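The values are calculated or read from the model by the stated rules, or taken from the named source; none is laboratory data. Since the model is a prediction, treat every value here as computed from it, not as a measurement. No Cβ is skipped: glycine too gets one built from the backbone with ideal geometry, and neighbour counts run over all protein chains shown.
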Amino acid sequence: MNSKPDHDMGRDTVLTHGVVSEHPEDLLHGTGWRALWAVLREAFLRLWSDDAFGLAGNVAFRALLAIFPFLIFTSSLTAFIGNRSMATDLSAFLIAIVPQTLVEPIILEVEAVMTVQRGGILSLGILLTIWFAIGGVDGLRVGLNRAYGIRETRSIFGLYAMQVAVVMMASLVLVLVGYLLVLAPRVGSMMHTLMPGFDPGSVTFALIRYPTAVAILLVALFLAHVLLPARRTRFANIWPGVLLTLAVWILLTVAFSFYLSTFARYASYYAGLAGIVAALYFMYLAALVLIFGGEFNRALRIRRIAQAVRNKDDQQDEQHTG
């Protein structure tokens, strides 16, 4: 008579193995807003259990160290493949898509490293970029592995090769953006040729910068969730966390810009380092949100498994009773 309740209890005990929430009933069986809240709560709690806050700090620190040599390398590579004006357009694009209140304290330094003529791309810049950037990539790798519950099985040489490839790929993507910025006015002209009523002047830098930035971030997030974890995950198990990360990043950018322009008084505490501290804090929050996207996907996967097991048991019970 008690076989069904005992069976359900044993099944839930197996499903909740590794679940952080003390009362995971809503996570496994809840519906509507209760289920969504349970998934978000599980993802938040896993940030603590997986030491995501420490990993995000490591990623932010490494990213700040890498950003200037990365810009030097990307600018030099853009000028080498294209021309100097293309590198200048790329620097203007990168500065334009970053919150003005965030980049304003360091904009002179950014413009300096992006526009100063250098002897070639094979310089100290590329070595510094790779050394610092792979540390940040490695922090994200560890964070996503923990978020998805994956044990690392790749060799150290394979990991370094993958991380270097990610850094180089990021530079090449920005070079491609440089080409797109050059081609944008020509797109307007081609559209005018096909549709005489179309105004070619409507295709402006201001029009394309935000859609381009969103597209770059979206592709980068998908690649991070596909390449960095040690095991490939299906698209259906990736896209919710990716879209959540992108949405929270956009909200974070707006909120942080408002905070800096209204409340923050970094200069009174950090003097000339105020811009660097603000950038470091923003990178820390952005890295934490990226790892949270993986934790969100993990919580959703636990819920999917619980639903699949429950449906399977219900089918078996119907077959037995039938």
* P240 at pLDDT 90 or above, in contact with a helix residue (DSSP H, G or I) (Cβ under 9 Å, 6 or more places away or on another chain), more than 27 Å from I134 (Cβ to Cβ) and not hydrophobic (A, V, I, L, M, F, W, C) -> yes
* Asked: Would you say S155 is of a type outside the set (V, I, T) and without any contact (Cβ under 8 Å) to a residue 40 or more places away in the chain?
  -> yes
* So Y179 clears everything in (1) at pLDDT below 85; (2) loosely packed, with under 15 Cβ neighbours inside 10 Å; (3) aromatic (F, W, Y) except one condition, right? Which one? -> (2)
* Structure fact -> In the stretch 231-242, anything of a type in the set (A, V, I, L, M) and either on the phi > 0 side of the Ramachandran plot or surrounded by 15 or more Cβ atoms within 10 Å (Cβ to Cβ) (or both) is listed as I238, V242
* Only residues in the stretch 50-62 that are free of Cβ contacts under 8 Å to residues at least 12 places away in the same chain count as the first member; pair them with residues that are surrounded by 22 or more Cβ atoms within 10 Å (Cβ to Cβ), Cβ under 8 angstrom, at least 6 apart or cross-chain, and list the lot. => none
* Kindly indicate whether L260 is assigned to a helix (DSSP H, G or I), buried (at least 21 other Cβ atoms within 10 Å of the Cβ) and at pLDDT below 80. => yes
* Find the residue count for the stretch 286-310, including only residues that are surrounded by fewer than 17 Cβ atoms within 10 Å (Cβ to Cβ) and either of a type outside the set (K, R) or not in a helix (DSSP H, G or I) (or both). => 4
* Asked: Scanning for something touching a Ser or Thr at 6+ places or on another chain (Cβ under 8 Å) and part of a helix (DSSP H, G or I), does the stretch 224-242 turn up at least one residue?
  -> yes
* Structure fact -> With criteria (1) at positive phi; (2) modelled with pLDDT under 80, F198 comes up short on (1)
* Asked: Does any residue in the stretch 248-259 that is in contact (Cβ under 8 Å) with a residue 40 or more places away in the chain come within less than 9 Å, Cβ to Cβ, of a residue that is polar (S, T, N, Q) and crowded, with 17+ Cβ neighbours inside 10 Å six or more places away or on a different chain, and which pairs are these?
  -> F256/T101; S257/T101
